[in-house]
Amino acid sequence: MSEEPGLPPAPPRIGRLRRFRPRSRPRFEGLSFNRLIPNILTMLGLCAGLVAIRAAIEDRFALAAALIVVAAVIDGLDGRLARLLKATSRFGAEFDSLADFLSFGVAPAMVLYLWSMHTVGPLGFVPCLLFAVCSALRLARFNASLDIGPAPKPAYAYNFFTGVPAPAGAGCALFPLFGALAFSEWGWLNTGAAIRHPILVGVVLVAVGVLMVSTLPTWSFKNFRVPRAMVLPLLLGVGLYVALLVAEPWAALAAGGLIYLGMLPFSVRSYILLKRDAESGDAAEPEAAPAP
């Protein structure tokens, strides 16, 4: 059809052309936010350890101890959350190890040095240095197992750690600080000053550092099975401890360290009994008859 003279040409039918043109959407490559949540928690734990060191420099030791406890709680959550969200990765494992070294190796050593050990001069730094080195060696042993691959272990051995874990070691090392804070709130200043003595603090640091790098089997509580008869007493005990934690947090944390150390002999005994039962069960199995 011819166009009339004097009229502008009709515009092209763009809509009909665009209908058949494929739309291109920008695609963003990367990880989903859910997979980043465990790493974000690990970073928060790392920041808590750094702020704990700063609080100790400013003589705010109660805040420093509380921040290390917060870092321990975060460390207990990020790994389980990563497995729940299926977000485990080698980067996350390495990042978690580095954060653990600072929050549970360097931070407790620096806090206790500034709180008590600096009063005896340069020798007071030796137990703190030993504790931090033991923490680094333990975490390095764990990272090496990631590269080599887990060695084959019997089924019962998966319920145990090798040595005291870093968060538990930090809590046990801070036992003198927890106890001194509790006694100070109760007005027992002489008892608090006695717990603050560098000799006691140094012995605790060295002993806990040795336990961290040892091959002592300790309960992991991940696959720990509780007998039916002990479920109700366990729940009551946890409820009483939470009530004590709310009412007297420093006393509860100090008691928690003593309870954990008191459980170590029972952990070793349990490991020995399970090992003995497994070996006796293997020995009792009859040999297969030779094929005819």
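The values are calculated or read from the model by the stated rules, or taken from the named source; none is laboratory data. As the structure is a computational prediction, the values presented were derived from the model and not from experiment. Neighbour counts are summed over all protein chains in view; Cβ atoms, including those assigned to glycine, are modelled from backbone coordinates with ideal geometry.
Listed by position, the helices (runs of 4 or more DSSP H) enclosed by segment 66-151 that each have at least 1 residues that are without any contact (Cβ under 8 Å) to a residue 12 or more places away in the chain and out of contact with any helix residue (DSSP H, G or I) (no Cβ under 7 Å at 6 or more places or on another chain) are 125-148. Any residue at all in segment 160-183 that is at pLDDT 90 or above, farther than 21 Å from Ala71 by Cβ and surrounded by 13 or more Cβ atoms within 10 Å (Cβ to Cβ)? Yes, because at least one residue in segment 160-183 is at pLDDT 90 or above, farther than 21 Å from Ala71 by Cβ and surrounded by 13 or more Cβ atoms within 10 Å (Cβ to Cβ). Can we say Pro217 is at pLDDT 90 or above and touching a Gly at 6+ places or on another chain (Cβ under 9 Å)? Judged against the criteria, Pro217 is not a match.
Residues that are within 18 Å of Val226 (Cβ to Cβ), under 20 Å from the mean Cα position of the chain (by Cα), buried (at least 17 other Cβ atoms within 10 Å of the Cβ) and not small (Gly, Ala, Ser) within segment 243-281 comprise just one, Tyr260. Filter segment 92-139 down to the residues that are more than 14 Å from Gly171 (Cα to Cα) and charged (D, E, K, R), then identify the one that is surrounded by the fewest Cβ atoms within 10 Å (Cβ to Cβ). Result: Glu94. Considering Leu50, Leu67, Leu84, the condition of being of a type in the set (A, V, I, L, M, F, W, C), surrounded by fewer than 21 Cβ atoms within 10 Å (Cβ to Cβ), under 20 Å from Ala166 (Cα atoms) and under 17 Å from the mean Cα position of the chain (by Cα) is satisfied by Leu50 alone.
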